[in-house]
Amino acid sequence: MQICLHSSKSPVRSALFVLAALAALVLAACGDDSDSGSTDGPDPATVTPADAVVYMGATIRPEGDQKSDLDSALSKLLGDGDPGARITALLDEELSDEGLSYSEDVEPWLGQTAGLFFTDFSGDDGDGAAVIATTDGDAALAAVEKAQKGDELEDATYEGTSYKRDTEDDTAFGIVGDFLVSGTESGMKAAIDASASEALADDEAASSALADTPENSLFEVYVDTGRAIDLAVDGGIVDEKDLESAGAQLDELQEGPIVVSGGATADSMTIETSAPQGSDTADPTDIVSTLPSGSWLAVGAPMVGESIAAGYDSFVQALEASLAVQGGSIPGGAQDLSAIEPPDVRAEIKKQLGVDLSKDLGWMGDVGVFIQGGSLFSLGGGLVIETDDPDAATAALSKVARALAREPDVQVRRTADGFELQAGPAGADVSIGDDKVIVAIAGIGVDDVLSPSETLEGSESFEAASGALGDDLTPAMFVDFPTIIGLIESTGQTGSPEFQQAEPVLNALDYLIAGSGSSDDRAIGRLVLGVKDGGGSSDAPAASIAP
């Protein structure tokens with residue numbers, strides 16, 4: 001794994017040997033063995049400029065409960081009682097290419113926190129720096145210089161702070177406060193300025209967003225969406241027409257930063273996102289909890305009809321704008337196409353599909369999808385679409401049935417409440433009732449979907465996963481790994497070397513759940529991976545954690 005802010009020959013590649021393995025260090029939980037207190041260390045945001053477009057901060061040497069929780073979760077996932085020792089060994093192997101050793105050259109001075117920021121990415125290379133907390137600045141500098149392998153360095157000073165500059169490119173490294181800073185020279189100067197004033201930690205919007213991350217977070221990523229979009233336009237990554245087609249949704253995203261964070265408990269790992277909440281954002285739906293209890297995959301989405309219509313309208317507008325441009329004169333070309341009328345995009349799509357996606361699907365409300373069955377013979381699933389306009393739903397189903405009937409390989413038979421279809425060995429029963437459209441697939445009955453004997457809400461596995469997700473969020477996706485592993489094993493296809501290598505990790509997976517909600521006008525999304533004792537070998541999953 002390699003992290004570069006500039007050319008591969010620059011001292012950034014050498015000086016960032018710790019950041020190059022940052023993820024591995026976080027996962028390794030290579031902190032002290034202290035059992036008391038919480039992780040404490042200098043905040044990388046205090047030497048990050050307030051105008052940073054992207055910032056990442058991380059706890060690289062957790063302590064106390066944070067460390068024990070991470071150790072426990074990783075031990076279960078990796079089938080290893082000492083994941084830190086394994087990843088430290090892998091890190092040593094990586095550092096040996098730079099002539100360094102973690103235990104001798106890094107660990108003696110490495111602090112508890114580290115960060116990475118970018119102030120610009122519109123050019124060929126990123127402009128920013130890594131900031132690594134250090135308990136011994138002289139030792140940190142000595143380690144970096146040891147990694148230079150003869151690069152030409154010169155002394156430089158900015159605002160009273162001395163640092164080293166590579167004479168061959170625009171990179172530098174030095175000590176700023178409690179941090180080893182290494183990056184582009186402008187990134188180095190930005191860190192020095194931030195340490196004196198106008199740091200990201202002093203910015204009200206940024207500090208508020210970062211402060212709202214969960215207490216057990218091991219890392220956090222901050223993105224100034226407004227500046228990121230401006231830089232993307234300046235760099236030619238997107239153009240103004242792309243922004244126009246995105247419409248109000250993009251405007252709302254620019255109202256505040258996006259923050260991503262991650263942490264762990266003794267039996268789970270969590271990723272959380274926080275972003276500005278749009279005024280038209282639909283409230284989360286609890287439809288997932290009403291799906292059959294035997295579901296090993298369940299997904300729900302709110303107000304799907306409105307989402308489809310909005311997305312479809314944006315797509316059509318962008319396509320029509322593109323066709324209109326193509327219908328004019330081609331700059332520098334010999335042919336004038338201004339007389340050619342662009343096609344009616346909506347009419348063409350409706351002709352092909354048999355439905356108008358912006359009108360005929362407006363009846364669709366919350367949607368839930370599930371799959372269940374622990375063997376190939378019991379595999380089945382269903383789709384539930386809630387509606388407050390049964391007449392429109394009935395009309396739309398009739399259009400869908402007529403469109404499917406025109407397909408030569410599909411058999412359609414009308415029923416009192418909908419229709420049945422058969423396409424080869426696969427069949428489905430589509431019905432409407434109780435203000436719901438039900439699609440039952442592969443041996444699952446309509447009544448099993450409409451009124452299951454037991455729902456996920458009463459399932460022990462779903463209840464445990466929902467508890468880990470938190471009461472403040474509504475589940476939108478649920479995956480039950482033990483049932484999936486049982487399904488794979490029922491096929492008899494478990495003898496391959498690939499499966500046997502992955503099996504210890506697979507057996508350690510318990511559930512995956514995702515949900516959403518809101519807090520203080522910000523949309524919150526959370527993903528939780530549950531882990532359990534899988535009883536796997538300590539050697540099998542090694543490849544999956546190598547840096």
When the range 117-163 is checked residue by residue, the ones that are buried (at least 22 other Cβ atoms within 10 Å of the Cβ), of a type outside the set (Gly, Ala, Ser) and closer than 23 Å to SER96 by Cβ are ILE132, THR134, VAL144
Of those in the range 164-188 that are of a type in the set (Ser, Thr, Tyr) and in contact with a Leu (Cβ under 8 Å, 6 or more places away or on another chain), the residue most open to solvent (accessible area, probe 1.4 Å) is THR167
Flagged pairs (Cβ under 9 angstrom, 6 or more apart or on separate chains; first in the range 431-453, touching a residue at least 60 places away in the same chain (Cβ under 8 Å); second assigned to a helix (DSSP H, G or I) and among the acidic types (Asp, Glu)) are ALA440/ASP447; ALA440/ASP448
Condition check: open to solvent by 50 Å² or more (accessible area, probe 1.4 Å), in contact (Cβ under 8 Å) with a residue 12 or more places away in the chain and touching a Gly at 6+ places or on another chain (Cβ under 9 Å). Does ALA191 satisfy that?
no
Going through the range 281-301 in order, the residues found to be buried (at least 18 other Cβ atoms within 10 Å of the Cβ), among the hydrophobic types (A, V, I, L, M, F, W, C) and either free of Cβ contacts under 8 Å to residues at least 40 places away in the same chain or in contact with a helix residue (DSSP H, G or I) (Cβ under 8 Å, 6 or more places away or on another chain) (or both) are VAL288, LEU291, TRP296, ALA298, VAL299, ALA301
Filtering the range 229-280 for residues that are in contact with a helix residue (DSSP H, G or I) (Cβ under 7 Å, 6 or more places away or on another chain), charged (D, E, K, R) and at pLDDT 90 or above leaves a count of 1
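Yes/no matrix, rows are residues, columns are (1) small (Gly, Ala, Ser); (2) out of contact with any strand residue (DSSP E or B) (no Cβ under 6 Å at 6 or more places or on another chain):
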position: ILE385; (1), (2): no, no
position: ARG414; (1), (2): no, yes
position: PHE419; (1), (2): no, no
position: GLY433; (1), (2): yes, yes
position: THR455; (1), (2): no, yes
position: SER461; (1), (2): yes, no
position: PHE478; (1), (2): no, no
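Which residue, of GLU98, GLU104, GLU94, is more than 30 Å from TYR511 (Cα to Cα), touching a Phe, Trp or Tyr at 6+ places or on another chain (Cβ under 9 Å) and open to solvent by 50 Å² or more (accessible area, probe 1.4 Å)?
It is GLU94.
Give the number of residues within the range 462-484 that are assigned to a helix (DSSP H, G or I) and either within 24 Å of the chain's Cα centre (by Cα) or surrounded by fewer than 17 Cβ atoms within 10 Å (Cβ to Cβ) (or both). Before the answer, list the steps.
First, the residues of the range 462-484 that are assigned to a helix (DSSP H, G or I): 462-469, 481-484.
Remaining after also requiring either within 24 Å of the chain's Cα centre (by Cα) or surrounded by fewer than 17 Cβ atoms within 10 Å (Cβ to Cβ) (or both): 462-469, 481-482, 484.
Within the range 462-484, residues that are assigned to a helix (DSSP H, G or I) and either within 24 Å of the chain's Cα centre (by Cα) or surrounded by fewer than 17 Cβ atoms within 10 Å (Cβ to Cβ) (or both) number 11.
The values are calculated or read from the model by the stated rules, or taken from the named source; none is laboratory data. From a predicted model like this one, the values you see are computed outputs, not experimental measurements. Backbone-built Cβ (ideal geometry, glycine too); neighbour counts: all protein chains shown. With ligands, DNA and RNA removed, areas are computed over all heavy atoms of the protein, side chains included. Shrake-Rupley method; radii C 1.70, N 1.55, O 1.52, S 1.80 Å.
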